[in-house]
Amino acid sequence: MAGDKQAETTVPAEVREKHARLAEQIEEHRARYYGKDAPVISDAEFDELLRSLQALEEEYPELRTPDSPTQKVAVEFKSDLAKVEHRSPMLSLDNVFDDAGLAAWAERVQRDVGTSDHHFLCELKVDGLAVNLTYEDGRLVRAATRGTGQIGEDITPNVMTIGEIPHRLRGERVPRLVEIRGEVYFPMEAFQDLNARRVAAGEKPYANPRNSASGSLRQKDPKVTATLPLHMVVHGVGVLEGFDGPSRLSGVYDLLKTWGLPTSPHNRVVDDLDGVREFIAHYGEHRHSVAHEIDGVVVKLDEIPLQGRLGSTSRAPRWAIAYKYAPEEVNTKLVNIRVGVGRTGRVTPYAQVEPVTVAGSEVEFATLHNQDVVKAKGVLIGDTVVLRKAGDVIPEILGPVADLRDGTEREFVMPAECPECGTPLRPMKEGDVDLRCPNARGCPAQLRERLFYLAGRKALDIEHFGYVAAAALTQPLQPEDPPLKDEGDLFGLTVEQLLPITAYVLDQDSGLPKRDPETGEEKTATVFANKEGAPRKNALAMLENIEAAKQRPLARVLTGLSIRHVGPVAAEALAREFRSIDRIEQASEEELVAVDGVGEIVAKAVKEWFAEDWHREIIRKWKAAGVRLEEEAGEDRGPRPLEGLTVVVTGTLEDFTRDGAKEALQSRGAKVTGSVSKKTSFVVVGDNPGSKYDKAMQLKVPVLNERGFGVLLGQGPDAAAEVALSAEE
Ligand code: IVH
């Protein structure tokens with residue numbers, strides 16, 4: 001149910017800059033107002049600033065990120081925590097949003113320091129809560145939040161509970177006084193658990209991990225903080241007395257590490273701007289292989305004397321800059337929670353949100369898995385919610401911005417009946433929270449989804465047979481009787497049956513009718529005939545393609561039957577072993593389990609599927625229509641040069657689809673799996689590979705690029721091993 005239409009990010013760098021500047025000003029005024037009781041502008045002027053920011057966000061909704069001042073309620077200083085003044089101000093950072101901005105900053109640095117003999121220290125911009133730790137004679141005497149930058153809140157007892165933060169600095173050259181600055185963060189996975197516990201205890205859920213870090217650190221009772229998995233990364237030093245330290249910031253970090261402070265393993269010193277660009281590009285792709293959330297990269301001049309030459313404005317140092325990535329989290333309105341029915345009958349709530357662009361694509365729907373997840377996230381219909389879309393991951397709702405509620409929000413109630421056929425829902429399994437519609441044959445939604453899958457790339461791969469066709473054939477407005485009662489009728493379809501069909505044009509992401517953008521009316525169409533009533537070219541081509549699909553390999557036919565737990569891999573294993581649908585039907589559970597790649601769950605599901613009369617009827621009809629339901633004799637696929645290998649494919653390949661790559665491997669006898677382990681023989685890596693690449697490196701599994709993949713297919717594993725990358729090199 002994930003809406004994800006690719007759209008490039010549309011916000012020009014100047015607008016981002018203007019937005020960031022305005023946001024920063026507003027934050028400062030808020031901090032003065034709430035924190036110091038010393039506002040410097042009138043309320044009206046403040047409101048004007050906020051309005052300008054809102055106007056920008058109206059025009060560019062992508063800018064409406066959860067940390068925008070339009071989305072936050074100024075609660076920071078309403079706490080009872082004692083205020084503390086920082087010995088030296090905790091500055092902020094100027095931002096750039098593209099390469100031009102970065103280059104302009106580097107040029108200014110070069111001009112102002114008057115030498116090109118310098119280095120850049122690249123760090124990750126940790127999305128957490130800034131803290132200031134004061135150590136006197138090596139003892140942690142105070143920990144404070146950043147607050148206004150001048151004045152923060154005393155959170156010493158809470159910070160003391162964070163295991164990574166030493167109470168005493170150990171080792172050599174510990175100074176008399178030092179302020180250590182860093183970011184405290186809350187790991188993403190733990191965040192979801194925390195929210196579920198808060199909701200269960202009747203507390204407001206947090207909108208995102210950053211807010212939960214802040215909430216955890218500002219707990220009244222440090223015993224509570226102690227139970228939470230907080231971590232810290234050091235990113236700077238404030239006042240430093242009684243100490244003559246290294247002349248490079250990277251050297252200072254090395255020293256801090258010897259004192260027991262948690263420095264980042266990701267920092268890198270580079271010689272020039274190209275090195276910076278490489279760092280930025282690398283972490284742009286591997287944003288999620290890092291334990292904490294990051295929202296950009298911080299580039300710093302590494303030479304401390306040169307930093308001094310450049311100095312700082314009252315707000316930010318001139319010797320550092322933050323390069324911000326496009327946000328992966330935005331706020332949007334939860335318009336409704338709907339319920340969708342999948343091809344196996346599973347009934348899933350999903351969120352319909354006001355469409356927003358996030359991480360480069362437009363999102364309108366996000367899955368919510370089941371009613372317990374809705375409850376655990378604590379979201380109400382009408383809430384402003386934080387929506388996250390991380391890279392190619394399915395969009396998800398993190399949580400509500402509970403402070404923006406106005407009382408009109410309402411709770412979601414899971415229906416007791418199937419929204420499409422009215423049949424009472426049942427648990428997937430006894431005692432399960434996941435529900436399903438048991439009306440597998442008669443439920444139009446299930447048939448529609450099964451047909452769409454059957455015609456899809458993993459199964460029969462019938463071109464021109466998409467979601468609209470699947471819906472039209474199963475739920476026409478006219479004629480009243482759908483031409484397909486179930487998938488058994490697929491190969492008997494005629495052009496005469498198709499022509500009169502009028503149907504809603506359904507959206508694949510939501511299963512809802514698409515609407516005309518101008519009139520707002522639901523779209524209907526004579527799907528297979530043109531206005532004159534003549535068959536559309538597509539429709540005729542589709543019938544030809546259906547005919548051609550009768551010759552698909554058995555494994556694809558099996559996959560297309562939507563037998564629970566039987567995906568392409570299990571289907572391939574079954575087809576390879578039994579070579580005909582009849583033999584699969586006749587096989588006992590023990591015989592099925594004996595097949596390599598088939599477990600008990602799959603075996604049971606296969607037996608259950610064939611036990612249904614109407615399922616066997618599908619097979620009978622297909623057979624009568626001439627569908628090839630066995631691998632022909634002598635169709636031995638010849639030598640299987642990759643037998644015994646286990647291969648993982650990750651990222652985008654240029655010359656293969658993911659399924660194409662899998663098939664090429666499987667037809668040569670290799671096993672294809674989804675996760676990297678020590679037993680993996682090769683990991684094939686395309687563009688944007690994500691964490692599987694890192695895992696392969698970590699486990700020293702040989703990695704093949706697309707060229708190496710070609711070598712594996714063409715010349716076998718030994719030749720491939722020669723061209724593989726491996727962590728040892
Ligand atoms: S340096 C004087 N380095 O980002 C230099 N800040 O938007 C100021 N932050 O207030 C900070 N990761 O809380 C620095 N590697 C990093 C950082 C980082 C996160 C935060 C920090 C700062 C904010 C500015």
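The values are calculated or read from the model by the stated rules, or taken from the named source; none is laboratory data. Treat the numbers as computed from the prediction; the structure is a model and nothing was measured. Every residue, glycine among them, receives a Cβ derived from its backbone with ideal geometry; neighbour counts consider all protein chains shown.
Can you find a residue in region 276-291 that is within 20 Å of Pro209 (Cα to Cα), outside any loop (DSSP other than H, G, I, E, B), away from the ligand (no atom under 14 Å from the Cβ) and at pLDDT 90 or above?
Looking for residues that are within 20 Å of Pro209 (Cα to Cα), outside any loop (DSSP other than H, G, I, E, B), away from the ligand (no atom under 14 Å from the Cβ) and at pLDDT 90 or above, one finds at least one in region 276-291, hence yes.
So how many residues does region 392-426 have that are within 28 Å of the chain's Cα centre (by Cα) and farther than 20 Å from Gln352 by Cα?
Qualifying residue count, region 392-426: 1.
Are there any pairs, at least 6 apart or on different chains, whose C-beta atoms fall under 6 Å, with the first in region 250-263 and more than 17 Å from Leu140 (Cβ to Cβ) and the second surrounded by fewer than 19 Cβ atoms within 10 Å (Cβ to Cβ), and if so, which?
Ser250/Val269; Val252/Gly245; Val252/Pro246
Any residue at all in region 1-21 that's assigned to a helix (DSSP H, G or I), modelled with pLDDT of 85 or more and closer than 27 Å to Arg218 by Cα?
Within region 1-21, one or more residues are assigned to a helix (DSSP H, G or I), modelled with pLDDT of 85 or more and closer than 27 Å to Arg218 by Cα.
Could you run through region 308-336 and say how many residues are without any contact (Cβ under 8 Å) to a residue 60 or more places away in the chain and either closer than 20 Å to Asn208 by Cα or crowded, with 21+ Cβ neighbours inside 10 Å (or both)?
Result for region 308-336: 3.
Quick check on this structure: which one of Val627, Val606 is modelled with pLDDT of 95 or more and assigned to a loop (DSSP other than H, G, I, E, B)?
Unique residue meeting the criteria: Val627.
When you look at Gly152, is it crowded, with 16+ Cβ neighbours inside 10 Å and either touching a residue at least 24 places away in the same chain (Cβ under 8 Å) or hydrophobic (A, V, I, L, M, F, W, C) (or both), yes or no?
So Gly152 fits the description; yes.
Could you go through region 310-326 and let me know if any residue there is outside any loop (DSSP other than H, G, I, E, B), away from the ligand (no atom under 16 Å from the Cβ) and hydrophobic (A, V, I, L, M, F, W, C).
Checking region 310-326: not a single residue is outside any loop (DSSP other than H, G, I, E, B), away from the ligand (no atom under 16 Å from the Cβ) and hydrophobic (A, V, I, L, M, F, W, C).
Could you tell me which of the residues Ala605, Ala664, Ala625, Ala670 is touching a residue at least 40 places away in the same chain (Cβ under 8 Å), closer than 30 Å to Arg707 by Cβ and surrounded by 15 or more Cβ atoms within 10 Å (Cβ to Cβ)?
Ala664
Among helices (runs of 4 or more DSSP H) lying entirely in region 151-249, which contain 2 or more residues that are modelled with pLDDT of 95 or more and farther than 30 Å from Gln371 by Cβ?
Result: 156-159.
Starting from residues that are charged (D, E, K, R) and under 30 Å from Cys418 (Cα atoms), keep the ones in region 508-529 and report whichever is nearest to the chain's Cα centre (by Cα).
Taking the candidates together, the pick is Asp509.
Restricting region 140-154 to residues that are within 28 Å of Arg173 (Cα to Cα) and touching a Ser or Thr at 6+ places or on another chain (Cβ under 6 Å), which is farthest from the ligand (Cβ to nearest atom)?
Ranking the qualifying residues of region 140-154, first place goes to Val141.
When only residues in region 22-45 that are hydrophobic (A, V, I, L, M, F, W, C) and not in a helix (DSSP H, G or I) count, which is modelled with the lowest pLDDT?
Looking at the filtered set, the residue picked out is Ala38.
If a residue has to be surrounded by fewer than 18 Cβ atoms within 10 Å (Cβ to Cβ) and either among the aliphatic types (A, V, I, L, M) or outside any strand (DSSP E or B) (or both) to count, how many in region 516-529 make the cut?
So the answer is 8.
Among the numbered conditions (1) within 37 Å of the chain's Cα centre (by Cα); (2) outside any helix (DSSP H, G or I), tell me where Glu532 comes up short.
Going through (1) within 37 Å of the chain's Cα centre (by Cα); (2) outside any helix (DSSP H, G or I) one by one, Glu532 breaks only (1).
Scan region 120-128 and give yes if some residue there is out of contact with any Asp or Glu (no Cβ under 6 Å at 6 or more places or on another chain), under 28 Å from Gly284 (Cα atoms) and surrounded by fewer than 18 Cβ atoms within 10 Å (Cβ to Cβ), otherwise no.
no
What are the pairs, 6+ residues apart or on separate chains, where a residue within region 541-554 that is under 16 Å from Arg576 (Cα atoms) and in contact (Cβ under 8 Å) with a residue 12 or more places away in the chain has its Cβ under 6 Å from a residue that is crowded, with 20+ Cβ neighbours inside 10 Å and of a type outside the set (Ser, Thr, Tyr)?
Pairs found: Arg552/Leu460; Leu554/Ala575.
In region 485-515, what count of residues is obtained for those that are part of a loop (DSSP other than H, G, I, E, B) and closer than 19 Å to Ile618 by Cβ?
Result for region 485-515: 4.
Just checking, does region 597-615 include any residue being over 17 Å from His565 (Cα atoms) and among the acidic types (Asp, Glu)?
Yes, region 597-615 contains at least one residue that is over 17 Å from His565 (Cα atoms) and among the acidic types (Asp, Glu).
Just need a number here: residues in region 128-139 that are near the ligand (Cβ under 9 Å from one of its atoms) and either acidic (Asp, Glu) or touching a Phe, Trp or Tyr at 6+ places or on another chain (Cβ under 8 Å) (or both).
2
Which residues, taken from region 94-127, are within 14 Å of the ligand (Cβ to nearest atom) and under 29 Å from the mean Cα position of the chain (by Cα)?
Scanning region 94-127 gives Asp94, Asn95, Val96, Phe97, Leu121, Cys122, Glu123, Leu124, Lys125, Val126, Asp127.
Condition check ((1) out of contact with any Cys (no Cβ under 9 Å at 6 or more places or on another chain); (2) crowded, with 22+ Cβ neighbours inside 10 Å; (3) hydrophobic (A, V, I, L, M, F, W, C)) across all residues:
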| residue | (1), (2), (3) |
| --- | --- |
| Ile546 | yes, no, yes |
| Ala555 | yes, yes, yes |
| His565 | yes, no, no |
| Ala570 | yes, yes, yes |
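Could you please let me know if Gly686 is within 15 Å of Gly710 (Cβ to Cβ), of a type in the set (Gly, Ala, Ser) and surrounded by fewer than 14 Cβ atoms within 10 Å (Cβ to Cβ)?
no
Select from region 292-309 the residues that are part of a loop (DSSP other than H, G, I, E, B) and more than 10 Å from the ligand (Cβ to nearest atom) and list them in ascending order.
Glu293, Asp302
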